[in-house]
Amino acid sequence: MRRTWWIYLIAVLGLVAVAAPFVWMLLGSFKTQGELLQVPPTWLPQAPTSQNYDDLFNKANFPRYFFNSTVVALAVTAGNLAFCSMIGYALAKLRFKGRNALFVLVLATLMVPGMVTFVPLFVFVTNAGLANSYPGLILPFLVSPFGVFLMRQFFSGLPDDLMDAGRVDGTSELGIFARIMLPLTRPALATLGILTFLGSWNNFLWPLVIAQTEDKYTLPVALALYSTGQNAQNYGLLMAGAVVVVVPVLVMFLVFQRHVTKGIAITGLK
């Protein structure tokens, strides 16, 4: 124990370094503009106020941005859970010509940087008439190579005897997938769902170029634009907006952290 005290010290210092900006942001969102500009700065609000949040939701149209982010994130997450599990099951358990080649293709797409396909994808979505719309924000991300790989690896570890037993009982292939195999993949589904939701919620560049009017902005885009516009010096409003963006995903991750860890660990052992 005496020899490892420095490990705990480094861990504590790392935790403080990571958590301090978030704590400062949360406390700063309850400060007045004058207190935020005060030198030396104060850690705790001297006169806590919720005015920044009132301005955020009553004047800055943030409820609309919050709604857009929620709709897009939930739709993308639902699509990945449905389609990635289907594709992963097919690649792991169904026998058909070209299956291994398709899996290699999925692995190859994991190695392609997103910026390489960004412009072609933008041109395709724009020519399809989906710019500045919810389908344009959602459809390109309904399936991810990582999700297909994750689900394929998990399905590969499940015994084929379960499928054979279902066929003997007269269960259809769809029934075997939906009623027998899919319920066994809950840890992987939880991992995929949380990681997909976090990635979609925090996505910035794609909504920035696709959403051309304010009524389609998501929270990260709106917050970035507010930080460079007439509200650029309103630090309390910006901190309140950052809290609105960060807290939901932070709470979600903390609540489901056990499922994420378990899903990744189990999948890695398959």
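Taking the criterion of being at pLDDT below 90, within 17 Å of Ile176 (Cα to Cα) and not aliphatic (A, V, I, L, M), the residues of segment 88-102 that qualify are Lys93, Arg95.
Being open to solvent by 40 Å² or more (accessible area, probe 1.4 Å) and assigned to a helix (DSSP H, G or I) is the filter here; which residues of segment 176-210 pass it? Matches in segment 176-210: Ala178, Arg179, Ile180, Leu182, Pro183, Leu184, Arg186, Leu195, Gly199, Leu205, Leu208, Val209.
For (1) open to solvent by less than 80 Å² (accessible area, probe 1.4 Å); (2) within 29 Å of Leu225 (Cα to Cα); (3) under 27 Å from the mean Cα position of the chain (by Cα); (4) not assigned by the TED database to the domain that holds Gly157, each residue gets a yes or a no:
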site	(1), (2), (3), (4)
Pro41	no, yes, no, yes
Tyr53	yes, yes, yes, yes
Ser69	yes, yes, yes, no
Ile87	yes, no, yes, no
Val104	no, no, yes, no
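Matching residues to (1) within 22 Å of Trp201 (Cβ to Cβ); (2) touching a Gly at 6+ places or on another chain (Cβ under 9 Å):
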| residue | (1), (2) |
| --- | --- |
| Ala17 | no, no |
| Leu26 | yes, no |
| Gly34 | no, no |
| Pro45 | no, yes |
| Asp55 | no, yes |
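Checking the stated criteria, Tyr65 turns out not to satisfy the condition of being among the hydroxyl-bearing types (Ser, Thr, Tyr) and farther than 29 Å from Val245 by Cβ.
The test for being within 22 Å of Met151 (Cβ to Cβ) and touching a residue at least 12 places away in the same chain (Cβ under 8 Å) holds for Gly88.
Of the helices (runs of 4 or more DSSP H) lying entirely inside segment 122-172, the ones with 1 or more residues being assigned by the TED database to the domain that holds Lys93, within 24 Å of Val71 (Cβ to Cβ) and free of Cβ contacts under 8 Å to residues at least 12 places away in the same chain are found at 134-138.
Among the residues of segment 248-264, is any in the same structural domain as Gly193 (by the TED database), at pLDDT 80 or above, more than 16 Å from the chain's Cα centre (by Cα) and part of a helix (DSSP H, G or I)? No, every residue in segment 248-264 fails to be in the same structural domain as Gly193 (by the TED database), at pLDDT 80 or above, more than 16 Å from the chain's Cα centre (by Cα) and part of a helix (DSSP H, G or I). Does Arg64 fit the bill of being within 27 Å of the chain's Cα centre (by Cα), basic (Lys, Arg) and modelled with pLDDT of 85 or more? Judged against the criteria, Arg64 is a match. The helices (runs of 4 or more DSSP H) found entirely in segment 1-60 that carry 2 or more residues being among the aromatic types (Phe, Trp, Tyr) and under 19 Å from Val247 (Cα atoms) are 5-28, 51-58.
Of everything in segment 1-29 that's open to solvent by 60 Å² or more (accessible area, probe 1.4 Å) and touching a residue at least 60 places away in the same chain (Cβ under 8 Å), which residue is nearest to Gly236 (Cα to Cα)? Across segment 1-29, the extreme among qualifying residues is Leu26. Would you confirm whether any residue within segment 179-201 is closer than 18 Å to Pro140 by Cα, at pLDDT below 90, over 17 Å from the mean Cα position of the chain (by Cα) and polar (S, T, N, Q)? Scanning segment 179-201, I find no residue that is closer than 18 Å to Pro140 by Cα, at pLDDT below 90, over 17 Å from the mean Cα position of the chain (by Cα) and polar (S, T, N, Q), so the answer is no.
Go through segment 30-39 and give me each residue that's charged (D, E, K, R) and either open to solvent by 70 Å² or more (accessible area, probe 1.4 Å) or modelled with pLDDT under 85 (or both). Listed by number, the list holds a single entry, Glu35.
As an exercise: evaluate Gly88 against (1) farther than 23 Å from Leu237 by Cβ; (2) touching a Ser or Thr at 6+ places or on another chain (Cβ under 6 Å) and give the number of the one condition it does not meet. Looking at each condition in turn, Gly88 falls short on (2). Yes or no: Leu142 under 28 Å from Ala222 (Cα atoms), open to solvent by less than 40 Å² (accessible area, probe 1.4 Å) and of a type in the set (A, V, I, L, M, F, W, C)? Spelling it out, Leu142 is indeed under 28 Å from Ala222 (Cα atoms), open to solvent by less than 40 Å² (accessible area, probe 1.4 Å) and of a type in the set (A, V, I, L, M, F, W, C).
The values are calculated or read from the model by the stated rules, or taken from the named source; none is laboratory data. Quick caveat, the model's predicted, so the values are computed rather than measured. No Cβ is skipped: glycine too gets one built from the backbone with ideal geometry, and neighbour counts run over all protein chains shown. These area figures cover heavy atoms from the full protein model, side chains too; ligands, DNA and RNA do not enter into them. Shrake-Rupley method; radii C 1.70, N 1.55, O 1.52, S 1.80 Å.
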